[in-house]
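Data block below; observations after.
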């Protein structure tokens, strides 16, 4: 069978095999390359750096485990950054699974790496509430209308961190981690814009292009996909070298992603060569 | 009468919501807050509706032994086990305010040991299908398709270190031609322009449709009336 014919009828399992190998091999034999942070990611880092100590950052976890490989490294770096800068963090979720994602990050990062931080004083998890953009609209007017307790059932009035938080306007910064709707778009439309609150986004690579129209006037900055997470890790390590060994999850995953991209490109090129050869043969 | 009352409710509620948003002084400020709370409460009931619908659809499939009805057993089993474990807070702190996902709770176990790997697996499979679909469908058939293909290549390369190394030799005066910079430019300008046009178009459409519904011109949401 001629090569062209073979390629035309290429079994998709061969493509699957190449994709699998392109991801598996760099995972088994890790290689890392330096990241060069883009302005849109650097803007978030600078935004958090500019906050006064003890400012309260709201971090809504609007994603589920399917997008954790992209968004967990962002959440981890942001949490480390906030805790190191002695900022206070309040988490919540518009997605039911978001509460679990926030719990994981708090136990992995805050409880293990920052044992001196106290729950309720330095960080708090308000948990999930239904309502999407309706919930954001309510929170902009009154936090306690919807959140009377935190995720563990402790009354909000008994949590020191929440003492001066009455509406979303009382947060110094909103750092949304978003994998779709409801997510960053809703936070900008219903909180950032009407409340004049600085808001930044950690978005999946699929969602990132949809968020660009809001940058830079309505959104401080954005981390898009694994690349954005890796760039933020690079910024964090540069600013705080103590995280050199621990803060490299996304950077380590960039190699499998890069090779997978390369394999996809090679297959697209092969597909186009077949297309043009076929067209030439038909023209003859 | 069957349609007049729903139309009247829609008109009054729609008008009240618009006034509550656009007029800041009291009593509209309180109205806005109260309406938002009502919305959030109604949103909670959507879960009951969703759960009921899930049981109805899959129960129907099982009772009629439709194609692949065995999978419906798995769906309903998963639904009821999770619901049971979550409502009774097995392994976690009791009481209505106890944390559902507290350490040691069965709900947390379901989340970490079942939901997380299953959803991650499903999402990871996409990479394989994207590669296969790109090979078969991403063709430079027309000028537009060729531009799209080139933009796609620049973005794919620009999101990796390959893109940086391929063009890092360019002098500073030509740094705008470096692939990561080109990728950033595509995202920041052509992409933003296109997305803004889409968002503005959708928003105008939503505003127009909302007005038509509030004024009773658009009535399809009331059903056929049969």
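Using beta carbons and a limit of 6 Å, which pairs, at least six apart or on different chains, have the first residue in the range B:108-130 and in contact (Cβ under 8 Å) with a residue 12 or more places away in the chain and the second one part of a helix (DSSP H, G or I)? Partner pairs satisfying both residue conditions: B:110/B:82.
So that you can scan it fast, the table gives a plain yes or no per residue for (1) within 14 Å of chain B (Cβ to nearest Cβ); (2) surrounded by 20 or more Cβ atoms within 10 Å (Cβ to Cβ); (3) more than 28 Å from residue B:116 (Cβ to Cβ); (4) without any contact (Cβ under 8 Å) to a residue 24 or more places away in the chain:
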{"site": "A:22", "(1), (2), (3), (4)": "yes, yes, no, no"}
{"site": "A:25", "(1), (2), (3), (4)": "no, no, no, no"}
{"site": "A:28", "(1), (2), (3), (4)": "no, no, no, yes"}
{"site": "A:62", "(1), (2), (3), (4)": "no, yes, no, no"}
{"site": "A:76", "(1), (2), (3), (4)": "no, yes, no, no"}
{"site": "A:84", "(1), (2), (3), (4)": "no, no, no, no"}
{"site": "A:92", "(1), (2), (3), (4)": "yes, yes, no, no"}
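Scanning the range B:79-94 for residues that are free of Cβ contacts under 8 Å to residues at least 12 places away in the same chain and part of a helix (DSSP H, G or I) turns up B:80, B:84, B:87, B:88. Only one of the numbered conditions (1) at the interface with chain A (Cβ under 9 Å from one of its Cβ atoms); (2) without any contact (Cβ under 8 Å) to a residue 24 or more places away in the chain; (3) surrounded by 12 or more Cβ atoms within 10 Å (Cβ to Cβ) is not met by residue B:170, and that is (1). Taking the range A:202-215 as the range and being within 14 Å of another protein chain (Cβ to nearest Cβ) and in contact with a helix residue (DSSP H, G or I) (Cβ under 7 Å, 6 or more places away or on another chain) as the test, the residues that pass are A:203, A:204, A:205, A:208, A:209, A:210, A:211, A:212, A:213, A:214, A:215. Screening residue A:245 with (1) more than 14 Å from chain B (Cβ to nearest Cβ); (2) surrounded by fewer than 24 Cβ atoms within 10 Å (Cβ to Cβ); (3) in contact with a helix residue (DSSP H, G or I) (Cβ under 8 Å, 6 or more places away or on another chain) gives one miss only, at (3). Residue B:198 passes every criterion in (1) surrounded by fewer than 17 Cβ atoms within 10 Å (Cβ to Cβ); (2) within 11 Å of chain A (Cβ to nearest Cβ); (3) assigned to a loop (DSSP other than H, G, I, E, B) apart from (3). Hey, any hits in the range A:142-161 for a residue that's at pLDDT 95 or above, in contact with a helix residue (DSSP H, G or I) (Cβ under 8 Å, 6 or more places away or on another chain), away from chain B (no Cβ under 13 Å) and outside any loop (DSSP other than H, G, I, E, B)? No, the range A:142-161 has no match at all.
Report, by residue number, each residue of the range B:95-138 that is assigned to a loop (DSSP other than H, G, I, E, B) and surrounded by 13 or more Cβ atoms within 10 Å (Cβ to Cβ). Steps first, answer last, please.
Of the range B:95-138, the ones assigned to a loop (DSSP other than H, G, I, E, B) are B:95-105, B:138.
Within the range B:95-138, B:97, B:98, B:99, B:100, B:101, B:102, B:105, B:138 qualify.
Yes/no matrix, rows are residues, columns are (1) over 28 Å from residue A:248 (Cα atoms); (2) more than 9 Å from chain B (Cβ to nearest Cβ); (3) not in a loop (DSSP other than H, G, I, E, B):
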residue: A:106; (1), (2), (3): no, yes, yes
residue: A:110; (1), (2), (3): no, yes, yes
residue: A:126; (1), (2), (3): yes, yes, yes
residue: A:177; (1), (2), (3): no, yes, yes
residue: A:182; (1), (2), (3): yes, yes, no
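Is it the case that the range A:234-253 has a residue that's part of a strand (DSSP E or B) and within 14 Å of the chain's Cα centre (by Cα)? So far as the range A:234-253 goes, no, none of its residues is part of a strand (DSSP E or B) and within 14 Å of the chain's Cα centre (by Cα). The sole residue among A:51, A:10, A:4, A:58 that is under 30 Å from residue A:198 (Cα atoms), surrounded by fewer than 21 Cβ atoms within 10 Å (Cβ to Cβ) and either at pLDDT below 95 or in contact with a helix residue (DSSP H, G or I) (Cβ under 9 Å, 6 or more places away or on another chain) (or both) is A:51. Just one of (1) closer than 29 Å to residue A:108 by Cβ; (2) touching a residue at least 40 places away in the same chain (Cβ under 8 Å); (3) part of a loop (DSSP other than H, G, I, E, B) fails for residue A:216. It is (1). Does the range B:87-110 contain any residue that is more than 13 Å from chain A (Cβ to nearest Cβ) and out of contact with any helix residue (DSSP H, G or I) (no Cβ under 8 Å at 6 or more places or on another chain)? Yes: one or more hits.
The values are calculated or read from the model by the stated rules, or taken from the named source; none is laboratory data. Because the structure is predicted, anything quoted here is derived from the model rather than measured. With ideal geometry, Cβ positions are generated from the backbone for all residues, glycine too; neighbour counts draw on all protein chains shown.
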